[in-house]
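Notes follow the structure.
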Amino acid sequence: MHKHSQQSTVAVNNTSLSKDWQEAKKPITLMRVFLEKKMRIATVLTPLSDANLRLAAQVGVTDIVCRFPGHYGQTLEQIKIRVDAAGLKLTVVEGYIPHNHIVHGTPQRDEQIAGFISLLQDMGHLGISICCYNFMPDDDWSRTSFKTHGRGGALVSSYDLDLDDHQSIGPGGPIEEDQMWDNLEYFLRRVLPVAEEVGVKLALHPDDPQVAKLRGQARIITSPQAYERLFDLSKSSANGMCFCQGSFSQIGEPIVDAIHHFADRIHYVHFRDVEGTMPKFQETFHDNGKTNMLAAMKAYAAIGYKGVMRPDHVPVLEGESADENPGYTMLGRLFAVGYMRGLIEAATTRTN
């Protein structure tokens, strides 16, 4: 009834209200950065189904991140056709890229490097601009629990160095820091010229968790100083970083300062947050960690970041299982996308 009454008043006084509103807003100029030419939201989809592609488009995602195409049993071109059909853009290839021989420097590494180069060439041909990779000797990120209770009983991942396995040796056997750096340089010298030629940017993800050695294997991309060393290896414009906010947050780095420091070396962003710092932390919803996420988004706007960012690890919500794809379930991802869209609008709109 109250709502109906307000609508009637507006209808009766429409001319007067319209005039008053036009007068009132004259001193106020809203300047919005055109988001399509600035920060764009991408996401991984699990599974990469047509239904999830439609869902991503419906909630405002513009770009899609796919895993190494062999993971899906499809060619990269087949994946791109499906993404295009949903009105989205396939922008990033990330994860499951075969690299164990590259990282460990085995006699088979040249064969894997040839495969990596072939992937870059396919990406360039299809207009897929970002390749996100890591140099972790055990292949990917790890946690000591995926069932830690977060807000409202949602399940989040957590890490406690004291609880990790310090007895076993990771896949590929022991490896030391100096050898890892030599292997990374060997790899970059062979792939960066190709990446430049085909128009693909490499984005190196930090080790997660950041410890000097884990299960007998050195971890080298564990700090801002490690990234400085990476960029000293090659000044190529294709040599960049995946700025994983959660990884920087969990070692206590000031996020806004780090964004400004690395600026044009940031080729890709993982947007997430944590509580605590190494050697013990747990992940959070995107809106209840320790980082001022609006300040972070404003920092990306300030440096003129024009790439994509994706919601990284998300909580497992009611009705979902932490036993399959922990950190990559869909409900938390939808929440994160909405939150990120709000932050982007707040960060790129100002009142003069």
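Tell me, yes or no, whether region 316-337 has at least one residue that is of a type in the set (Asp, Glu), out of contact with any Gly (no Cβ under 8 Å at 6 or more places or on another chain) and under 27 Å from Thr222 (Cβ atoms). Checking region 316-337: not a single residue is of a type in the set (Asp, Glu), out of contact with any Gly (no Cβ under 8 Å at 6 or more places or on another chain) and under 27 Å from Thr222 (Cβ atoms). Residues in region 265-276 that are closer than 15 Å to Asp287 by Cα and within 16 Å of the chain's Cα centre (by Cα): His270, Phe271, Arg272, Asp273, Val274.
A single member of Ile220, Ile259 is more than 17 Å from the chain's Cα centre (by Cα) and either not small (Gly, Ala, Ser) or not in a loop (DSSP other than H, G, I, E, B) (or both), and it is Ile220. Taken residue by residue, region 233-243 has no member that is farther than 21 Å from Ala203 by Cβ and in contact with a strand residue (DSSP E or B) (Cβ under 9 Å, 6 or more places away or on another chain).
Among the candidates Ala154, Ala226, single out the residue that is touching a strand residue (DSSP E or B) at 6+ places or on another chain (Cβ under 8 Å), among the hydrophobic types (A, V, I, L, M, F, W, C) and at pLDDT 95 or above.
Values: Ala226 fails: touching a strand residue (DSSP E or B) at 6+ places or on another chain (Cβ under 8 Å).
Within the list Ala154, Ala226, the selection yields Ala154.
Restricting attention to region 126-182, which residues are hydroxyl-bearing (Ser, Thr, Tyr) and part of a loop (DSSP other than H, G, I, E, B)? Result: Ser129, Ser142, Thr144, Ser168. Can you spot a residue in region 275-290 that is aromatic (Phe, Trp, Tyr), within 23 Å of Gly60 (Cα to Cα) and out of contact with any Leu (no Cβ under 7 Å at 6 or more places or on another chain)? Yes - at least one qualifying residue is present in region 275-290.
When region 290-321 is filtered for residues that are aliphatic (A, V, I, L, M) and either over 13 Å from Phe243 (Cα atoms) or more than 17 Å from the chain's Cα centre (by Cα) (or both), the ones remaining, listed by number, are Met293, Leu294, Ala295, Ala301, Ala302, Ile303, Val314, Val316, Leu317. From the list Ser129, Ser118, the lone residue that is touching a strand residue (DSSP E or B) at 6+ places or on another chain (Cβ under 8 Å) and either crowded, with 20+ Cβ neighbours inside 10 Å or farther than 15 Å from Gly172 by Cβ (or both) is Ser129.
Yes/no matrix, rows are residues, columns are (1) among the hydroxyl-bearing types (Ser, Thr, Tyr); (2) in a helix (DSSP H, G or I); (3) in contact with a helix residue (DSSP H, G or I) (Cβ under 6 Å, 6 or more places away or on another chain); (4) farther than 23 Å from Lys280 by Cα:
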position: Gln225; (1), (2), (3), (4): no, yes, no, no
position: Ser237; (1), (2), (3), (4): yes, no, no, yes
position: Gly240; (1), (2), (3), (4): no, no, yes, yes
position: Ala263; (1), (2), (3), (4): no, yes, no, yes
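Here is a list: Gly319, Gly304, Gly276, Gly327. Which entry is small (Gly, Ala, Ser), surrounded by 21 or more Cβ atoms within 10 Å (Cβ to Cβ) and at positive phi? Can you show your working first?
Working: Gly319 fails: surrounded by 21 or more Cβ atoms within 10 Å (Cβ to Cβ); Gly304 fails: surrounded by 21 or more Cβ atoms within 10 Å (Cβ to Cβ); Gly276 fails: surrounded by 21 or more Cβ atoms within 10 Å (Cβ to Cβ).
Checking each option against the conditions leaves just Gly327.
Out of curiosity, is Val269 modelled with pLDDT of 95 or more, β-branched (Val, Ile, Thr) and assigned to a strand (DSSP E or B)? Spelling it out, Val269 is indeed modelled with pLDDT of 95 or more, β-branched (Val, Ile, Thr) and assigned to a strand (DSSP E or B). Pairing each residue of region 133-144 that is more than 12 Å from Ile175 (Cα to Cα) with any residue that is crowded, with 20+ Cβ neighbours inside 10 Å and of a type in the set (Asp, Glu), provided the two are 6+ apart or on different chains, yields C-beta distances under 6 Å for Trp141/Asp208.
Residues Arg143, Arg215: which one is within 22 Å of the chain's Cα centre (by Cα) and of a type in the set (Lys, Arg)?
Details: Arg215 fails: within 22 Å of the chain's Cα centre (by Cα).
Just one listed residue meets the conditions, Arg143.
Yes/no matrix, rows are residues, columns are (1) surrounded by fewer than 18 Cβ atoms within 10 Å (Cβ to Cβ); (2) over 27 Å from Asp63 (Cα atoms); (3) among the polar types (S, T, N, Q):
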site: His125; (1), (2), (3): yes, no, no
site: Arg143; (1), (2), (3): no, yes, no
site: Tyr159; (1), (2), (3): no, yes, no
site: Pro171; (1), (2), (3): yes, yes, no
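Considering only residues that are free of Cβ contacts under 8 Å to residues at least 24 places away in the same chain and within 22 Å of the chain's Cα centre (by Cα), which ones fall in region 73-103? The one that is free of Cβ contacts under 8 Å to residues at least 24 places away in the same chain and within 22 Å of the chain's Cα centre (by Cα): Asp84.
The values are calculated or read from the model by the stated rules, or taken from the named source; none is laboratory data. Worth saying up front: this structure is predicted, and the values here are computed from it rather than measured. FYI the Cβ positions are ideal-geometry reconstructions off the backbone, even for glycines, and counts take in every protein chain you see.
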